[in-house]
Ligand SMILES: [Fe+2]
Ligand SMILES: [Fe+2]
């Protein structure tokens, strides 16, 4: 039985998330003999809202083979043409077809392909998208005609919606991996018919933040209901989370899913990999960010 190993990172939060990916993706790839890396990039820009083409280039340089999206996929204007013109950055499949980009991509590696599908949930999400179940069902005929290896990033808020998708498509795809809540869940397993599943991969960002954001403004909002500005937290310690998949190349089914959660006390932000950063080349994690979120509702 031939198998492949795929490393999957959850949402990268701002510069901290990108720096953690830059540090750990190459190491884990070497250490675990990984053939492909998938990462969710919807919060990777400096203020945590979206992604730019420069960040895509940086993540690709660090080993990402496919970058998935979510509710912030279209937040940065710069990335809209990139979404149309390239195959390595996805946005959720079930957005209206008139939106830029596509929800399906293929990682090509030494004669085989891995189909990657970016999909978004509807429960407790502010965008009104097509049914993710039907969208995935329609996409599968197209993807499975090309490869039995299919990995789905299901970007959703509600655990039950994610579990529902996992059970409904159990045995039809290699893995269904939840993103968006930024907190890794302890339920990673291979489902009865062979699909690897986790409700949420977790994030790469500041460990003692609130889903990657500074806690003080969010606490103020919770206590007073007053509008606040959200800021990416760049203070250590940090956490980087995801899973390592092992997949059977003939059946496409999962052999194993192993979560990883790395705690790091300090990371270094390098300008050359973080083109948007305005500070000096070696800026330490302790330095606070001036980049601020607009006031907005919950959920990243
Ligand atoms: Fe997110
Ligand atoms: Fe999100």
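Rule-based calculations on the coordinates, nothing more; no lab input. Since this is a predicted model, take the numbers as computed values, not measurements. Positions of Cβ are backbone-derived with ideal geometry, glycine not excepted, and every protein chain shown enters the neighbour counts.
Some notes on this structure:
- Computed [θ] at 222 nm, helices only, for the chain once each DSSP H run of length n ≥ 4 contributes -39500 (n - 2.57): -7000 deg cm²/dmol
- Expressed to the nearest 5 percent, the antiparallel share of DSSP beta bridges inside the chain is 60 percent.
- Where Rh is the Kirkwood radius over Cα pairs, Rg/Rh for the stretch 87-156: 0.98
- Based on every Cα atom in the stretch 87-229, Rg and the maximum pairwise Cα distance Dmax equal 16.8, 57 Å.
- Tilt relative to the chain, helix 14-31 - C-alpha long axis, 0 to 90 degrees, to 10: 40 degrees
- Measuring nothing but how far apart in sequence close Cα pairs (under 8 Å, 6+ apart) lie, relative to its length, the chain scores a relative contact order of 20 percent.
- The equivalent ellipsoid of the stretch 2-147 has semi-axes of 23, 21, 13 Å, largest first, where each one is the square root of 5 times an eigenvalue of the Cα gyration tensor.
- Extent of the chain along its three principal axes (Cα atoms, max minus min coordinate, largest first): 49, 40, 37 Å.
- When you count the other C-beta atoms within 10 angstrom of each residue and take the mean per peptide, 66-75, 50-59 line up highest first as 66-75, 50-59.
- Relative to the longest principal axis of the Cα atoms of the chain, the long axis of helix 215-224 makes an angle of roughly 80 degrees.
- Divide the volume of the convex hull around the Cα atoms of the stretch 1-45 by the residue count and you get 58 Å³ per residue.
- Cα centroid separation - the stretch 39-62 against the stretch 175-230, whole Å: 18 Å
- Antiparallel DSSP beta bridges within the stretch 71-172, as percent of all bridges there, nearest 5: 50 percent
- The stretch 1-160 - percent relative contact order, Cα under 8 Å, separation 6 or more: 16 percent
- Principal-axis tilt of helix 132-144 within the chain, Cα atoms, nearest 10 degrees: 60 degrees
- Legend: P(r) of the stretch 122-190 from all alpha carbon pair distances, 10 Å bins from 0, whole percents, reading 18, 54, 26, 3.
- Here r is the Cβ-Cβ distance between residue 98 and residue 265 and R0 is 41 Å; the resulting FRET efficiency, rounded to 0.05, is 0.35.
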